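Q: To start, I am sharing the structure in question, which I have written as structure tokens.
The values are calculated or read from the model by the stated rules, or taken from the named source; none is laboratory data. Quantities reported herein were computed from a predicted structural model and do not represent experimental measurements. Every residue, glycine among them, receives a Cβ derived from its backbone with ideal geometry; neighbour counts consider all protein chains shown. All accessible areas refer to the heavy atoms of the entire protein, side chains included, with ligands and DNA or RNA removed. Shrake-Rupley method; radii C 1.70, N 1.55, O 1.52, S 1.80 Å.
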Amino acid sequence: MLRRSTHVVAITDDFLPPLCAWGVAKSRISVIENWAPKDKITVGARANAWRETQDFGDSKLVVYTGTLGLKHNPDLILQAARKFAKERKEVRIVVVSEGPRADYLRAANEEEGLANLIVLPFQPFEKYSEVLAAADVLIAMIEPDAAAYSVPSKVLSYHCSGRAIVLSAAKANLAAKIVVRAGAGIVTSPGDADGFVVAIEALLDDELQRQTFGARARKYADEKFDVVTICTQFESILSRCLAEFAGACARSGAVQD
């Protein structure tokens, strides 16, 4: 399928070696990184209606949102909840997700009495900006075996919210590269659960650093997630493909519609 395609759009340079190995000419490959809707996910106040509705008060919130699947390690979240339950009563770990691994965290909460671990179902999109804005630190993770080709889209949304990020991922992962490139947070090794928790705690204790990371995150979104620029890139590719198709039809004598 890829060899017969007129053009292939990849989300990261990491796709180039396998694509070329499969016989796709490099001239027929473009890289356009994923993005998030920066005009719909906006920077908001920490004290907002969603935080009030959830009765979180002035608790420090560590928030995970989105898919929690096989390429994500829920035990990282659980380890953070266990540590803060013992040492930081003002901290709550909020997981906004659904599915077996969200159920796993909910069961661990009930079994261990982790009152600081709150697992909520997916929230309406119109509330998403408030969910992210309510956070003091946003967290995400990706397992090593998925890191080369999977880019957690939640991390891109996190950038739009203007909040500090702690990401557990291999340094080669595009999301990790973006966090580092933007100066938007801290990236820890996926095998370093203690380091993940330490990074979260360090940011909880450093409001100035959180604000700095958050401002840089939004700045990156404003610079890189411009939909007009992205659409122009796609339009350019489609125009070239159509021109190549028209030329091939003309050479073969085929009738063009």
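Q: Along the Cα→Cβ direction, 7 angstrom out, place labels at Asp194 and Ser30. What is the inter-label distance in nm?
A: Distance between label points: 4.8 nm.
Q: Straight-line reach only, C-alpha to C-alpha below 30 angstrom: list the lysines that Lys26 could link to, leaving out same-chain residues fewer than 8 apart.
A: Cα-Cα hits under 30 Å: Lys71, Lys154, Lys171, Lys177, Lys224.
Q: Here's another thing I want to ask about it. Given the DSSP H assignment, sum -39500 (n - 2.57) over each helix run of at least 4 residues in the chain and divide by its residue total; what's the result at 222 nm in deg cm²/dmol, nearest 500? Don't jump to the answer; show the numbers that get you there.
A: Working: 10 runs with 118 residues, N = 257.
About -14000 deg cm²/dmol.
Q: On to the next question. Please tell me the relative contact order of the range 41-129 in percent, rounded to the nearest whole number, where contacts are Cα pairs under 8 Å and at least six residues apart.
A: Details: 102 pairs, mean separation 28.9, N = 89.
About 32 percent, as a whole number.
Q: At a 10 angstrom cut-off on C-beta neighbours, averaged per residue, how do the peptides 56-65, 42-51, 168-177 rank from highest to lowest? Write out the running numbers ahead of the final one.
A: Values: 56-65: 19.2, 42-51: 15.3, 168-177: 21.3.
The most tightly packed comes first, giving 168-177, 56-65, 42-51.
Q: Ranked from the most accessible area to the least, with a 1.4 Å probe and all protein chains present, what is the order of Glu244, Glu143?
A: On the way: Glu244 100, Glu143 45 Å².
In descending accessible area the options line up as Glu244, Glu143.
Q: Moving on to the next point. Which angle between 0 and 90 degrees, to the nearest 10, do you get for helix 227-252 versus the longest principal axis of the chain when only C-alpha atoms count?
A: The angle comes out at about 30 degrees.
Q: A follow-up question, please. Say R0 is 25 Å: what FRET efficiency, to the nearest 0.05, do Lys40 and Lys219 get from their beta-carbon distance?
A: Values: r = 18 Å, r/R0 = 0.71.
Efficiency, rounded to the nearest 0.05: 0.90.
Q: What does the charge count near Lys219 come to, summing +1 for each Lys or Arg and -1 for each Asp or Glu among other residues with Cβ under 14 Å from its Cβ? Write down the numbers at each step before the final one.
A: Values: positive: Lys38, Arg163, Arg181, Arg216, Arg218, Lys224; negative: Asp222, Glu223, Asp226.
Residues near Lys219 contribute +3 overall.
Q: Further, regarding this structure: Would you mind classifying the range 33-129 by shape? Square roots of the alpha carbon gyration tensor eigenvalues, ordered a ≥ b ≥ c; an a/c under 1.5 is rounded, otherwise it is prolate if a/b is larger than b/c and oblate if not.
A: Details: a/c = 1.98, a/b = 1.26, b/c = 1.57.
Judged from the Cα gyration tensor, the range 33-129 comes out oblate (a/c at least 1.5, b/c at or above a/b).
Q: Take each of the peptides 70-82, 231-243, 152-164, average the number of other beta-carbon atoms within 10 Å over its residues, and list them starting from the highest. Each step should come with its number before you reach the end.
A: Details: 70-82: 20.1, 231-243: 11.9, 152-164: 26.1.
In decreasing order of mean packing, 70-82, 231-243, 152-164 become 152-164, 70-82, 231-243.
Q: So if R0 is 51 Å, what FRET efficiency would Phe245 and Ala172 give, r being the distance between their Cβ atoms, rounded to the nearest 0.05? The partial results should precede the final answer.
A: Working: r = 36 Å, r/R0 = 0.70.
Calculated value: 0.90.
Q: Report, to one decimal in Å, the Kirkwood hydrodynamic radius for the range 173-220 based on all distinct Cα pairs. Numbers along the way, then the final one.
A: Details: mean 1/r = 0.0894 Å⁻¹.
Roughly 11.2 Å, rounded to one decimal.
Q: Take the solvent-accessible surface of the protein heavy atoms, probe 1.4 Å, and return the percent of it on the chain that carbon and sulfur atoms account for. Don't jump to the answer; show the numbers that get you there.
A: Values: 7040 of 12950 Å².
In the chain, the share of accessible area belonging to carbon and sulfur is 54 percent.
Q: Then there's this: Below 8 Å between Cα atoms, with a sequence gap of 6+, how large is the relative contact order for the chain in percent?
A: Values: 419 pairs, mean separation 49.5, N = 257.
Once normalised by length, the contact order is 19 percent.
Q: Using alpha carbon centroids, what distance separates the range 80-155 and the range 3-22, in Å?
A: Centre-to-centre (Cα) distance: 34 Å.
Q: Any idea of the accessible area per residue across the chain, 1.4 Å probe, to the nearest Å²? Don't skip to the answer; put the middle values down first.
A: Values: 12950 Å² over 257 residues.
Here the per-residue accessible area is 50 Å².
Q: Within the set of other residues whose C-beta is less than 13 Å from the C-beta of Arg88, count the net charge using Lys and Arg as +1 and Asp and Glu as -1.
A: Values: positive: Lys60, Arg82, Lys83, Lys86, Lys89, Arg92; negative: Glu87, Glu90, Asp136, Glu201, Asp205.
Surrounding charge for Arg88 is +1.
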